[in-house]
Amino acid sequence: MSRLVVVSNRIAAFKDKRESAGGLAVGIMDSLKYQGGLWFGWNGKISEENKSLEKNHQDNITFAAFSLTQSEYDQYYLNFSNTVIWPAFHYRLDLVQYQHKDYDSYCHVNEMLAEQLRPLVNEDDIMWIHDYHLLPFAAACRKLGMKNRIGFFLHIPFPTSEIFNALPPHKELLEKLCEYDLLGFQAESDRQAFIENLSLVTNVENLDDNHIKAYNKPVTARVYPIGVEPENIRLLAEGALPPKLAHLRDKMNGQLIISVDRLDYSKGLLERFQAYETLLENYPQHRGNIRYFQIAPTSRGDVQAYQDVQHELETEAGRINGHFSTLEWTPLFYLNQHYERSLLMKIFRHCEVGLVTPLRDGMNLVAKEYVASQNPNDPGVLILSRFAGAANELTSALLVNPYDRDGVVAALDKALSMQLEERKQRYQEMMAVIKKNNIVHWCQSFLTDLKTIPTKNEHKTATA
Ligand code: GDG
């Protein structure tokens with residue numbers, strides 16, 4: 001059996017326990033264990049001298065981690081990946097700061113990584129590359145003569161042409177993406193946006209539904225909505241709350257609203273705080289009876305736009321609490337901290353409403369985790385942004401437009417007063433999808449396609 005080689009910006013630490021790793025890391029690790037293989041990624045360290053790979057072997061998997069120099073970290077990671085691609089792909093051109101030298105570094109790092117990886121890859125290995133830091137990775141591998149089957153999964157949205165065209169290297173990026181054999185997207189809208197962008201810059205031949213030919217290269221572009229591990233989440237969520245928290249929950253009468261996000265401007269945290277404020281303003285019957293918990297661990301704290309949103313949230317949380325708090329009641333708990341995964345799932349289960357309102361999101365796993373954590377006999381209600389990929393599957397959530405404050409407020413009021421029958425019905429409909437499209441299904445369908453689609457080489461031979 002051919003081995004699987006996974007390449008991602010960050011590598012899961014080989015010592016990560018299964019219970020504490022997120023679903024994505026678990027899904028990939030399970031595929032690697034089954035097939036045997038290699039996980040290649042950044043160890044999160046910055047080092048000027050040490051360019052040798054940090055290697056570990058465990059459970060049939062070799063972990064090979066590289067470090068970045070300070071200038072690679074600044075230009076490839078902070079600037080081009082996180083101050084150009086991330087904001088643009090989340091429709092925030094106002095936050096894009098493009099410089100040629102950052103794009104050059106981005107391509108250079110991709111080439112350097114391909115060179116480091118090449119000696120570790122066998123001819124018949126299949127390669128699965130993850131996310132927006134590595135758009136040109138297959139092109140870099142092809143330049144080195146590597147003929148392996150290479151697939152790519154984009155975890156974030158793919159923007160429409162009005163946005164994508166604003167990126168100076170947009171044509172080059174599209175051509176480089178066509179060096180992959182398989183391109184995976186979270187949602188049909190992302191796949192369509194990619195094809196539309198491609199059609200504007202080159203001739204695209206439709207071979208059949210998902211197979212196209214562009215720049216004379218065959219590419220398969222398909223949708224694979226990422227999932228979670230519902231059974232594992234259920235087990236974590238069912239466990240007892242730590243005693244202090246259980247005591248706190250008992251003391252807190254009334255209903256709880258929970259949101260969990262990396263602290264990121266794409267998640268719509270500020271708009272959410274404002275919607276909560278309007279709820280308290282317009283529906284005074286909820287005052288004193290509800291509490292909203294926002295867990296938002298700092299993310300990409302070196303990027304200015306992330307520091308800005310963090311300050312804005314602190315100000316807003318203080319202002320809202322200052323306005324509405326009483327001696328007995330605090331309406332909003334803003335927790336800028338990271339919590340253990342197993343605790344998060346328990347917290348989800350104890351909260352009556354899951355409020356997930358990103359302005360734009362590839363999928364949003366929190367929405368699925370919230371539902372999978374619920375007690376089937378007394379489930380909470382999910383409020384979900386229609387701009388999250390998850391909204392395509394979780395159609396029984398209360399779907400909202402996060403830019404429509406009054407709409408979010410009305411959904412909050414509806415969720416807080418929803419009867420058990422309706423909550424159960426919606427929960428069951430969402431669980432059916434979550435169970436079917438779980439993380440194992442996601443890994444397996446991507447890898448089955450990657451192993452079976454005609455590759456660029458086979459296609460050349462067949463058409464020669
Ligand atoms: C990208 C795409 C796509 C959050 N806080 C804590 C914590 N988390 C966990 C959540 C969830 C994960 O992080 C976040 O996943 P999301 O999907 O919600 O969002 P991104 O991080 O932006 O992920 C996204 C995803 O890739 C997968 O393809 O869905 O659209 O943007 O699992 O639970 N985990 C722990 N402590 C925290 O404080 N342990």
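The values are calculated or read from the model by the stated rules, or taken from the named source; none is laboratory data. If you're wondering where the values come from, they're calculated on a predicted model, not measured in any experiment. When we count neighbours, we look across all protein chains shown, and the Cβ atoms used for this are built from the backbone with ideal geometry, even at glycine. In case anyone asks, the SASA skips ligands and DNA or RNA and just uses the protein heavy atoms, side chains included. Shrake-Rupley method; radii C 1.70, N 1.55, O 1.52, S 1.80 Å.
Failed condition for I233, given (1) more than 16 Å from the ligand (Cβ to nearest atom); (2) out of contact with any Pro (no Cβ under 8 Å at 6 or more places or on another chain); (3) part of a helix (DSSP H, G or I), with all others met?
Result: I233 passes all but (1).
Go through region 57-100 and report how many residues are in a helix (DSSP H, G or I), of a type outside the set (D, E) and open to solvent by less than 60 Å² (accessible area, probe 1.4 Å).
Final tally of qualifying residues: 17.
Of the numbered conditions (1) more than 25 Å from the chain's Cα centre (by Cα); (2) open to solvent by 50 Å² or more (accessible area, probe 1.4 Å), K436 fails exactly one; give the number of that condition.
(1)
Would you be able to tell me the number of residues in region 244-257 that are part of a helix (DSSP H, G or I) and either touching a strand residue (DSSP E or B) at 6+ places or on another chain (Cβ under 9 Å) or within 11 Å of the ligand (Cβ to nearest atom) (or both)?
Total meeting the criteria: 1.
Can you name every residue in region 148-163 that is over 16 Å from L120 (Cβ atoms) and assigned to a loop (DSSP other than H, G, I, E, B)?
L154, H155, I156, P157, F158, P159, T160
State all residues of region 258-281 that are charged (D, E, K, R) and near the ligand (Cβ under 9 Å from one of its atoms); if no residue qualifies, say none.
D261, R262, D264, K267
Only one residue in D406, D449, D413, D378 is open to solvent by 20 Å² or more (accessible area, probe 1.4 Å) and within 25 Å of L236 (Cα to Cα), so which one is that?
Result of the check over D406, D449, D413, D378: D378.
What pairs can you find where one residue is in region 241-266 and touching a residue at least 60 places away in the same chain (Cβ under 8 Å), the other is within 16 Å of the ligand (Cβ to nearest atom) and open to solvent by 60 Å² or more (accessible area, probe 1.4 Å), and their Cβ atoms are less than 6 Å apart, with a gap of 6+ or different chains?
R249/H350; L263/T298; S266/R360
For region 359-375, give me each residue that is assigned to a helix (DSSP H, G or I), crowded, with 24+ Cβ neighbours inside 10 Å and near the ligand (Cβ under 7 Å from one of its atoms).
V366, E369
Name every residue in region 330-346 that is farther than 9 Å from L236 by Cβ and open to solvent by less than 30 Å² (accessible area, probe 1.4 Å), in order of residue number.
Answer for region 330-346, where residues must be farther than 9 Å from L236 by Cβ and open to solvent by less than 30 Å² (accessible area, probe 1.4 Å): P331, L332.
For residues in region 381-417 being more than 16 Å from the ligand (Cβ to nearest atom) and among the hydroxyl-bearing types (S, T, Y), which is farthest from the chain's Cα centre (by Cα)?
The qualifying residue farthest from the chain's Cα centre (by Cα) is S417.
Taking the options R142, R191, R149, name whichever one is under 17 Å from I453 (Cα atoms) and modelled with pLDDT of 95 or more.
Unique residue meeting the criteria: R149.
Quick one: C141 ticks every box in (1) within 16 Å of the ligand (Cβ to nearest atom); (2) crowded, with 22+ Cβ neighbours inside 10 Å; (3) of a type outside the set (S, T, N, Q) bar one, so which box is it?
Among (1) within 16 Å of the ligand (Cβ to nearest atom); (2) crowded, with 22+ Cβ neighbours inside 10 Å; (3) of a type outside the set (S, T, N, Q), C141 violates only (1).
In region 169-217, which strands (runs of 3 or more DSSP E) lie fully inside it and hold 2 or more residues that are away from the ligand (no atom under 16 Å from the Cβ) and either open to solvent by 30 Å² or more (accessible area, probe 1.4 Å) or not β-branched (V, I, T) (or both)?
Where strands (runs of 3 or more DSSP E) fall fully within region 169-217 and carry at least 2 residues being away from the ligand (no atom under 16 Å from the Cβ) and either open to solvent by 30 Å² or more (accessible area, probe 1.4 Å) or not β-branched (V, I, T) (or both), they are 204-206, 211-214.
Being in contact (Cβ under 8 Å) with a residue 12 or more places away in the chain, open to solvent by less than 40 Å² (accessible area, probe 1.4 Å) and more than 29 Å from G301 (Cα to Cα), is that true of even one residue in region 386-394?
yes
Does E352 qualify as being open to solvent by 40 Å² or more (accessible area, probe 1.4 Å) and in contact (Cβ under 8 Å) with a residue 24 or more places away in the chain?
Spelling it out, E352 is indeed open to solvent by 40 Å² or more (accessible area, probe 1.4 Å) and in contact (Cβ under 8 Å) with a residue 24 or more places away in the chain.
Every residue in region 218-260 that is open to solvent by 50 Å² or more (accessible area, probe 1.4 Å) and among the aliphatic types (A, V, I, L, M), please.
L235, A240, L245, L248
Only residues that are surrounded by fewer than 21 Cβ atoms within 10 Å (Cβ to Cβ), more than 11 Å from the ligand (Cβ to nearest atom) and not charged (D, E, K, R): list them for region 282-297, please.
Result: N282, Y283, P284, Q285, H286, G288, N289, F293.
Free of Cβ contacts under 8 Å to residues at least 40 places away in the same chain, within 29 Å of A390 (Cα to Cα), touching a His at 6+ places or on another chain (Cβ under 8 Å) and of a type in the set (F, W, Y): which single residue out of F152, F185, F164, F194 fits that description?
Sole residue among the options that is free of Cβ contacts under 8 Å to residues at least 40 places away in the same chain, within 29 Å of A390 (Cα to Cα), touching a His at 6+ places or on another chain (Cβ under 8 Å) and of a type in the set (F, W, Y): F152.
As an exercise: evaluate A410 against (1) more than 18 Å from G254 (Cα to Cα); (2) assigned to a helix (DSSP H, G or I); (3) touching a Ser or Thr at 6+ places or on another chain (Cβ under 8 Å) and give the number of the one condition it does not meet.
The failed condition is (3).
Have a look at Y34, Y103 and point out the one that is hydroxyl-bearing (S, T, Y) and touching a helix residue (DSSP H, G or I) at 6+ places or on another chain (Cβ under 9 Å).
Y103
Condition check ((1) within 11 Å of the ligand (Cβ to nearest atom); (2) not in a helix (DSSP H, G or I)) across all residues:
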site: S299; (1), (2): yes, yes
site: A305; (1), (2): no, no
site: L313; (1), (2): no, no
site: I320; (1), (2): no, no
site: L327; (1), (2): no, yes
site: Y334; (1), (2): no, yes
site: K346; (1), (2): no, no
